[in-house]
Amino acid sequence: MKVIADLAAQLPGATVEQQGNTFLVAVPKEKLHDAASMLRHNSKLQFDYLNDIIGLDNGDTLGVIYVLVATQFSAYTIRLKTETDDRENPEIDTVVDLWDSADLYEREVYDFFGIRFVNNPDMRRLFLRQDWVGYPLRKDYDADPELNPIPHEAEDLDKMEDLPSLEIDLNGARLEKHRQLFEKEDYVVNFGPQHPSTHGALHLRIALEGEIVKKVDPNFGYIHRGIEKMCEADTYPQILHLIDRMDYLSATIHRHGFCLAVEKGLQLETPERAHYIRTIIDELTRIASHLLGWGCMCNDMGAITAFIYGMRDREKIMDIFEQTCGGRLMANYSVIGGVMADIHPDFQKKVRAFVPYMRKMLKEHHILFTGNPIARGRMEGVGYLSKEKAISLGATGPTGRASGWSNDVRKIAPYAAYRHAEFAEMLRTDGLTFDRYVIRLDEIEESLKIIEQLVDNIPGGAYAAKTKAIIKLPEGEFHQRVEGSHGEFDVYINSRGEKYPYRVKFRSPCMTLVNTLKHIAVGTKVADLIMLGGSLDYVIPCIDR
Amino acid sequence: MFDFSIVTAWIDHFLRTYLDEGWALLVEFVLVGLVILTVYAVLALLLIYIERKICAFFQCRIGPNRVGPWGVFQSVADMVKILLKEIIKIDRADPLLFRIASFLVIIASICTFGAIPFDPALHAVNFNMGVFYLLAVSSLGVIGILLAGWSSNNKYTMIGAMRSGAQLISYELSCGLSLMSIVVLAGSMQLSEIVNQQAEMWFIFKGHIPACIAFLIYLIAGHAETNRGPFDLPEAESELTAGYHTEYSGIQFGFFYLAEYLNMFIIAAIASTMFLGGWMPLHIVGWEAFNGVMDMIPPVVWFFGKTFFCVFLALWIRWSFPRLRIDQLLSLEWKVLMPLALINILFMALCVM
Amino acid sequence: MEVKNSYIRNMKHEDFKDNEYLDAYVKELRASGLNIAVAKLDDLINWGRSNSVWPLVFGTSCCAIEFMSLAAARYDFSRFGWEVTRNSPRQADLIICCGTIVHKMAPVLKRLYDQLAEPKYVMAFGSCTIGGGPFKKSYHVVMGVNEVIPVDVYVPGCPPRPDAMIYGMMQLARKIKMQDFFKLPKQPHPNLALQNESNTQDNAEKENGLLHEAGNDAVIEQKKGGAQ
């Protein structure tokens, strides 16, 4: 704690403010790169994990917030802020050279706010088409459908391969550069946006040499629905249903995260009963999501039967959800202050029956697939992700843990009822596809343990705290981290004291996973690329938002 | 015991009483062709239905059960639909090769189908080098697949075709070599002769361990030849959308679809003919009463029983294994199966001596 | 001829909801009167088509998971013969639009639709594809998939349950059964001219007639009924 405070005070031109575990550091934009590289490379404490980059339109200025975490002290975060008052040609130095994950984050900020990052070699738009007019998350964005009609033709591939960049060399000379993504003789294949194994509408452009992957370029935005912009015009309870539809596989977990962030802002005391129920529902969601991820990975490798088995067991969880929450996929359960309705009288009985069933089925899954010689042959020795790379890429969740990075938010910063349950954080060290595969099944076991401990001890009392009809968050910034089934999900709410948030940002765990795919798939075969995609288990609508 | 020689002899006699020698022969040729085509189509529909049903049972599902009793007409409905489906003209595809490809695949498969002895009397093409013919004709199909992949002007089909070229040509070797060890045992290449030699005992028992090894190798290599999981790399649904036939629609796709299922049947039929005695009933030397009972079952039933057993094995494997990677696939062939098959022939030769 | 041709096994005629509309549709179709032989052949073709609808695997978001549930053991759509999901649009009969269609995806969807071989059908699955759903206010979402391609069946819900899709597929099967294979294609509806133009549909496809009309009728219906 003191180390961080000292470090923050040493940053050039910085003003530091502390809020609990968070340090808010503001630096002028000229000093940004120096400050960032000091935080990244110093002798005392390296901030090696760039959690997120948040763009912000403050009205007269455009701001960028870098959320930094040192993996030694994962519970503390630094929010490095900078802003520029040039709205016409906003420019900020890039941090791509410091963190690998900054690549896509900076493109996202450029896409939404038009801030160009100097010296970033790839400044294409991330979600919207290259010919999109305007920057949608700016407050003065013109949403006239005339400006951006529904296009008739798919995007020009040449335009997608042209990487514009703005570079300023040491002498201060400005260079507008255009690079080509692929070489002329590359055999480039499109995977997606409509492809059976891209787990949603992901578009991968792949340069192949025979069967060997030379380069992967992910393209997003085929399911970009502008949720963050819509949030700015919705009240807090209305936002909840949009979150469900972002990462539909860990919907309840993400919704829970948003509720926690709002409750933090309101300083609302949530009843203990709600905490327990939310935690059980979260863990059930995690099991369902891992089962689906497991099934899809097996399906990607050609074992369709395994996929069906995964879905079959998932249906048991869907039954429990349906009975208590009323919805199958979209449980719509957590609300601000608690949960929507009390649990069904049969809930505990059903959950108790589910735990031994799932344990039995896990054994079957291991027999069917884990022990299969072909499956082992496919998974072992492929897709190595080192711990350092995982941290630098920000590959959280099971993927990072398979590489030995202890990043479970449930352990780092326990929320809800996790502090009442005993469970182990699953860690493996090899960082291979097989580890990423096994860790999901192991986490199902751990989740079952958590559920087992909590389900019998649900305390009585109210299931939700009373809230006002119109929820207004006090002025300020609120941040909440939760452990989604695919990785760390963060909610950032910037409130100006109104019933609508000023800016909402969700850290999508899946975006970094696709970025990881880009790095680890090089040199593997086409079949491996598909399998790696399955092993990373990303959900595209979560990225595109 | 009933066999089809009664029926065929009667037809032959009937035609010859009313027609000249030459005309009778011509009519017989046409009849045989028609029967083969019909049986081919009906078997394909049956196999598709069987696969869908068995796959469903492996996956805790029910499978087709709405169209007709137990859904037996499901594949008939599929056929009706696919016959009337539009055939799309592909821009910048090679029109001639694109059309020919699907026919090549199905012709190769029908030609092989004709040479299978279903019954002592139901054996359309009985060469004295039948095994050689089977291998030669069945490997024509790969040309169709390569052409399909190349002429579609599509990158997925191209990758699929290249994969299938590498795969089929490699596995052809161990396929042939494992059959050769049976030829060594039988001393003949004529299929009817091979089946007749198994009257006392099927080759898989007669040939001791080498025959068992050859049977296993043939099952694996043959399964790979049919392009079905875990060897379905040329199609690889999750990787190449539909592999070499991505661009085909309507009945042209139907041809590939039929050929895929019938190839599975053909491989199973050859396996049962060469190793499990074909239409020959199970005989055990010395157990005359038992042999008599076995002879009561018509040869056609024996043949289809054994073949469908092999088909079931193929489906079992198909629905429980994940797909191999191309390098694993090729190293399995060149580093394991082919050397094993070569050594196996040597062993077989020693056994026979 | 009666509506009895739209008989669907295991589901009673009264159990379907919008029978009046379909009755009128059938009456119009059968008005010209066909001779028995042709009608029988027609029935056979429609029997085949309605019982063998191979869907294209096309999922963009949440609804795709419900589609996967439908494929899995609990709901098991193989019972109806829909389990032959094709990944190549050339071989599929039906696009089930599972999930929101956004601006960037719209031309891709249109191209997929063009790549589908006739006869082809479209099912709008989930409220996003019907009219934008919860993303009505968004700047990047297409307000209903019918702005891009003609739709045959709408299945509401967010996401709809798998059972709802089974119901939708049965409706589609009924619609297919009512089609007249041998009847010459009609002139496109005057109201449609504008729509088709805006969709820049292939002329060849426009002439293909009936199936599109089935789809386009639904579009008109929706247009009349206003946005959902």
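Separation of the alpha carbons by more than 22 angstrom is noted, of A:Lys411/A:Lys449; A:Lys316/A:Lys505; A:Lys184/A:Lys215; A:Lys44/A:Lys389; A:Lys360/A:Lys449, for A:Lys316/A:Lys505.
Note: relative contact order over chain A, using C-alpha pairs below 8 Å and six or more positions apart, is 15 percent.
With the cut-off at 1.5 for a/c, could you classify the range A:2-149 from its C-alpha gyration tensor as rounded, prolate or oblate? Prolate, because a/c is 1.5 or more and a/b exceeds b/c. May I ask you to derive the FRET efficiency for A:Ser386 and A:Glu445 from their Cβ-Cβ distance with R0 = 25 Å, giving the value to the nearest 0.05? Result of the calculation: an efficiency of 0.45. In the protein assembly as shown, helical runs assigned H by DSSP with n ≥ 4 each contribute -39500 (n - 2.57); averaged across all residues and rounded to the nearest 500, the mean residue ellipticity at 222 nm is -15500 deg cm²/dmol. The loop-placed trypsin sites (Lys or Arg not before Pro) in the range B:57-118, going by DSSP, that have at most 11 neighbouring Cβ atoms within 10 Å of their Cβ come out as B:Lys89, B:Arg92. Please say if chain B is rounded, prolate or oblate, where rounded means a/c under 1.5 for a ≥ b ≥ c the square roots of the C-alpha gyration tensor eigenvalues, and otherwise the choice is prolate for a/b larger than b/c and oblate otherwise? Here chain B falls in the oblate category. When the GluC sites (Glu not before Pro) in the range A:74-142 are filtered for DSSP coil states and for at most 16 other beta-carbon atoms within 10 Å of their beta-carbon, the remaining sites are A:Glu88. Classify the protein assembly as shown as rounded, prolate or oblate from the Cα gyration tensor: take a ≥ b ≥ c as the square roots of its eigenvalues, call it rounded if a/c is under 1.5, otherwise prolate when a/b beats b/c and oblate if not. In terms of gyration-tensor shape, prolate. Averaging the sequence gap over all C-alpha pairs within less than 8 Å and six or more residues apart, then dividing by the number of residues, gives the range A:488-545 a relative contact order of 31 percent. For A:Asp52, nonlocal amide neighbours, meaning residues 5 or more places apart or on other chains whose placed amide H falls under 5 Å from its own, are A:Val67. Put a dot 7 Å past the Cα of B:Val72, heading toward its Cβ, do the same for A:Glu30, and the two dots end up 8.8 nm apart. Qualifying trypsin sites (Lys or Arg not before Pro) in the range A:199-265, where qualification requires a DSSP coil assignment and no more than 14 other C-beta atoms within 10 Å, are lacking entirely.
Rounded to the nearest Hz, the phi-derived 3J(HN,Hα) couplings of the range A:328-344 under the Karplus curve 6.51 cos²θ - 1.76 cosθ + 1.60 (θ = phi - 60°) are 8, 7, 9, 6, 6, 9, 5, 10, 5, x, x, 10, 4, 8, 5, 5, 5, where x marks glycine and proline. For A:Lys264, a cut-off of 14 angstrom between C-alpha atoms picks up these aspartates and glutamates, skipping any fewer than 8 places away in its own chain: A:Glu475, A:Glu477, A:Asp490.
Inter-label distance, A:Val133 to A:Gln453: 5.8 nm, where each label sits 7 Å from its Cα along the C-beta direction. In this Cβ point-charge picture (+1 for Lys and Arg, -1 for Asp and Glu), the range A:159-219 has a dipole of about 160 debye about its Cα centre.
Placing a label point 7 Å from the Cα of B:Ala349 along the Cα-to-Cβ direction, the residues of the range B:177-191 whose backbone N falls under 16 Å of that point are B:177-188. Take every Cα pair under 8 Å whose residues are at least 6 apart in sequence, average their separation, divide by the length of chain B, and the relative contact order is 23 percent.
Among the lysines of chain B, pairs that are 8 or more positions apart or on different chains and have alpha carbons within less than 26 Å of each other number 7. Here A:Glu422 and B:Glu193 are evaluated by their C-beta separation; at R0 = 51 Å the FRET efficiency comes out at 0.10. What the Cβ-Cβ distance of B:Ile143 and A:Gln10 gives, at R0 = 45 Å and to the nearest 0.05, is a FRET efficiency of 0.05. Below 23 Å, Cα to Cα, which lysines can C:Lys17 reach? Residues fewer than 8 away in the same chain don't count. Once the sequence-local lysines are set aside, what remains near C:Lys17 is C:Lys4, C:Lys27, C:Lys175, C:Lys177, C:Lys223, C:Lys224.
Any read-out appearing in this document is the output of simple, stated calculations on the displayed coordinates, not a laboratory observation. Note that the structure is predicted; figures quoted are calculated from it, not measured. In this analysis, Cβ positions are derived from the backbone assuming ideal geometry, glycine residues included, and neighbour counts consider all displayed protein chains.
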